[in-house]
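The values are calculated or read from the model by the stated rules, or taken from the named source; none is laboratory data. What you are looking at is a predicted structure, and each value in this text was computed from that prediction instead of being measured. Every residue, glycine as well, gets a Cβ built from its backbone with ideal geometry; the counts of neighbours run over all protein chains shown. All accessible areas refer to the heavy atoms of the entire protein, side chains included, with ligands and DNA or RNA removed. Shrake-Rupley method; radii C 1.70, N 1.55, O 1.52, S 1.80 Å.
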Amino acid sequence: FMILSDTLSRDDGLAIMNALEGFSDAIKPVTPYNHHYVLEAYEKLQAFDTMEKYIDTYWGQMIENGANTFWEAFDRDNPLFSPYDDCILNSYCHAFSCTPIYFIKKYLDS
């Protein structure tokens, strides 16, 4: 959110986003809702290659796990994660399913 609010310079924002990838104990988003804002930060930083890789990695992993819609909550390191303590209660067709196509069509489709 510091990137989205223009609190950081582009260089500082890129440095922080790159550094976060290396911290295995960093708290990471587990919902497409939160991942949407990560993509917005990459857009603000004009890091379109990273944005594309991020879409492939997060939403692509859901597809590799058999999804034909995108899930309300998904943790690549813990596919049974649920904010409700029971993955059966997760929505398996969630509104933020539109995030990848929005960013692909707006920023990556050339």
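Of all residues in the range 63-110 being of a type in the set (A, V, I, L, M, F, W, C) and in contact with an Asp or Glu (Cβ under 6 Å, 6 or more places away or on another chain), which is farthest from Ser24 (Cα to Cα)?
Result: Leu108.
How many of the residues in the range 9-45 are in a loop (DSSP other than H, G, I, E, B), modelled with pLDDT under 95 and surrounded by 14 or more Cβ atoms within 10 Å (Cβ to Cβ)?
Residues in the range 9-45 being in a loop (DSSP other than H, G, I, E, B), modelled with pLDDT under 95 and surrounded by 14 or more Cβ atoms within 10 Å (Cβ to Cβ): 4 in total.
Taking the stated definitions as given, is Glu40 free of Cβ contacts under 8 Å to residues at least 60 places away in the same chain, within 20 Å of Phe1 (Cβ to Cβ) and acidic (Asp, Glu)?
In short, yes.
Give the range 47-68 a look and list any residue that's out of contact with any helix residue (DSSP H, G or I) (no Cβ under 8 Å at 6 or more places or on another chain), acidic (Asp, Glu) and closer than 22 Å to Ala19 by Cα, or say none.
The answer is Asp49, Asp56.
Which one of these is modelled with pLDDT under 90, at negative phi and acidic (Asp, Glu): Asp49, Asp85, Asp109?
Numbers: Asp49 fails: modelled with pLDDT under 90; Asp85 fails: at negative phi.
Among Asp49, Asp85, Asp109, only Asp109 is modelled with pLDDT under 90, at negative phi and acidic (Asp, Glu).
Going through the range 68-110 one residue at a time, which ones are open to solvent by 60 Å² or more (accessible area, probe 1.4 Å), farther than 23 Å from Ala41 by Cα and part of a loop (DSSP other than H, G, I, E, B)?
Of everything in the range 68-110, those that are open to solvent by 60 Å² or more (accessible area, probe 1.4 Å), farther than 23 Å from Ala41 by Cα and part of a loop (DSSP other than H, G, I, E, B) turn out to be Asn68, Pro79, Leu80, Pro83, Tyr84, Asp85, Asp86, Tyr92, Cys93.
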